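The values are calculated or read from the model by the stated rules, or taken from the named source; none is laboratory data. Everything quoted here is computed from the prediction, not taken from an experiment. Note: ideal-geometry Cβ built from the backbone for every residue, glycine included; neighbour counts use all protein chains shown. These area figures cover heavy atoms from the full protein model, side chains too; ligands, DNA and RNA do not enter into them. Shrake-Rupley method; radii C 1.70, N 1.55, O 1.52, S 1.80 Å.
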Amino acid sequence: MDLSVIGSGPRREPLWPAGVVGSITHSDAYVAAAVAGGRAYAGLGIDVECRRPPLESMLETVCVPSEQAWCLAGDSPSQRLRLVFSAKESVFKAVYPATGDWLGFHDLELIFAGHTFTVHSGRWSGVTGAHQAVDDLQATAAWLPALCR
Ligand SMILES: CC(C)(COP(=O)(O)OP(=O)(O)OC[C@H]1O[C@@H](n2cnc3c(N)ncnc32)[C@H](O)[C@@H]1OP(=O)(O)O)[C@@H](O)C(=O)NCCC(=O)NCCS
């Protein structure tokens, strides 16, 4: 697919051809895009983060209390904070284009298990995703099944 034809909507959401859902993430070192059939999925979100958000200033901004406790219980709280941040960006990118729901960080409570995560509460509970850290990059993806339309 020639990405140069993927336009941007009024709130920067990528405009995929009819019947396709997808997501884009980029930084100065990389760019990634993912697409899926619109019959199976209502939305798809991907995000890759290289920098770790500063724990002190971002923990409460990004995390609800259960996530804050989970971050602080880990060997590397800033690594877990980056994971929560990235996972929420992926959920946002999957949900917004399909629904217009401009989610804030505290609209989502995530639970992590292995390389997966699930939205635990709120209007998008049940939405799932996956995550993988590669070298010093944190990659996440989230998807909205078609029935969520
Ligand atoms: C959209 C957003 C999530 C992107 O995050 P980012 O870390 O700046 O940038 P990334 O490289 O990961 O992603 C950029 C791509 O996201 C996509 N994107 C931008 N706005 C989007 C939206 N409203 N919906 C879906 N995708 C969007 C675009 O494809 C963009 O690429 P472009 O800059 O070439 O147009 C962020 O900028 C934003 O608007 N956040 C507000 C909402 C939010 O974060 N809520 C808290 C989480 S629930």
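Scanning the stretch 86-106 for residues that are more than 8 Å from the ligand (Cβ to nearest atom), in contact (Cβ under 8 Å) with a residue 12 or more places away in the chain and open to solvent by 10 Å² or more (accessible area, probe 1.4 Å) gives 98, 99, 101, 106. In this entry, residue 36 passes the filter for residues that are part of a strand (DSSP E or B) and in contact with a Phe, Trp or Tyr (Cβ under 9 Å, 6 or more places away or on another chain).
I'd like the full set of residues that are in a loop (DSSP other than H, G, I, E, B) and within 11 Å of the ligand (Cβ to nearest atom), limited to the stretch 107-126. Scanning the stretch 107-126 gives 108, 122, 124. Scanning the stretch 30-54 for residues that are buried (at least 20 other Cβ atoms within 10 Å of the Cβ), more than 9 Å from the ligand (Cβ to nearest atom) and of a type outside the set (Gly, Ala, Ser) returns 41, 44. Does at least one position in the stretch 63-73 carry a residue that is among the hydroxyl-bearing types (Ser, Thr, Tyr) and not in a helix (DSSP H, G or I)? No; the residues of the stretch 63-73 include none that is among the hydroxyl-bearing types (Ser, Thr, Tyr) and not in a helix (DSSP H, G or I). Within the stretch 61-73, the presence of at least one residue that is within 9 Å of the ligand (Cβ to nearest atom) and either buried (at least 19 other Cβ atoms within 10 Å of the Cβ) or within 26 Å of residue 118 (Cβ to Cβ) (or both) is confirmed.
Of all the residues in the stretch 6-29, those that are near the ligand (Cβ under 9 Å from one of its atoms), surrounded by fewer than 16 Cβ atoms within 10 Å (Cβ to Cβ) and assigned to a strand (DSSP E or B) number 3.
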